[in-house]
Amino acid sequence: MSPGTSFTPVELLLAAIGGCTAIDVDHITRRRAEPTQLSVVVSGDKIRDEAGGRLRSAGAG
């Protein structure tokens with residue numbers, strides 16, 4: 001994302017999915033040991049067709 005630009009709705013959704021996933025993983029792993037590093041990658045394909053725009057194949061890992 002370039003400086004001075006804002007998130008699109010799809011980018012906001014993916015950022016929210018990534019944030020929630022990171023909190024869940026941190027909560028689960030903290031029970032055994034304090035994590036020193038955590039990385040979450042979120043991706044999705046936005047498609048636009050006659051039905052409109054939608055997000056396909058969203059995932060976090």
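The values are calculated or read from the model by the stated rules, or taken from the named source; none is laboratory data. Owing to the predicted nature of the structure, the values given are computational and were not obtained by experimental measurement. Here the Cβ positions follow ideal geometry from the backbone for every residue, glycine too, while neighbour counts run over all protein chains shown. These accessible areas exclude ligands, DNA and RNA; they are computed on the full protein's heavy atoms, side chains included. Shrake-Rupley method; radii C 1.70, N 1.55, O 1.52, S 1.80 Å.
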- Kindly provide the trypsin sites (Lys or Arg not before Pro) of the chain that DSSP labels as loop, not H, G, I, E or B, and whose Cβ sees at most 14 other Cβ atoms within 10 Å. Arg31, Arg32
- Item | Distant-in-sequence amide H partners of Val40 (H built 1.01 Å from N, under 5 Å) | none
- Note on the structure: Excluding ligands, DNA and RNA, the carbon-plus-sulfur percentage of the accessible area of the chain with a 1.4 Å probe reads 55 percent
- Task: Just grab the label-to-label distance for Thr29 and Ser6, each label 7 Å out from Cα along the Cβ direction, in nm (one decimal).
- Result: 3.4 nm
- Query: Per residue, how many Å² of accessible area does the chain show with a 1.4 Å probe?
  - Reply: 83 Å²
- Item | Whole-number percent relative contact order across the chain, with pairs defined as alpha carbons under 8 Å at least 6 apart | 30 percent
- Which value at 222 nm does the chain reach when only helices count, each DSSP H run of 4 or more adding -39,500 (n - 2.57), with the total divided by all residues and rounded to the nearest 500 deg cm²/dmol? -12500 deg cm²/dmol
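Where the only charges are on Cβ atoms (+1 Lys, Arg; -1 Asp, Glu), what is the dipole of the chain about its Cα centre, to the nearest 20 debye?
Result for the chain is approximately 140 debye, rounded to the nearest 20.
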- Once both axes come from the Cα atoms, what is the angle between helix 9-30 and the longest principal axis of the chain, in degrees from 0 to 90, rounded to 10? 10 degrees
- Query: Taking Rh as the Kirkwood radius computed over C-alpha pairs, what is the Stokes-Einstein D of the chain at 10 °C in a medium of viscosity 1.306 mPa s, expressed in µm² per second?
  - Reply: 117 µm²/s
- Message: Charges on Cβ only, +1 for Lys and Arg, -1 for Asp and Glu, centred on the Cα centroid of the chain; of Gly18, Phe7, Leu55, which one is farthest towards the dipole's positive end?
- Response: Gly18
- Glu50, Glu11, Glu34, reordered so the largest accessible area comes first (probe 1.4 Å): Glu50, Glu34, Glu11
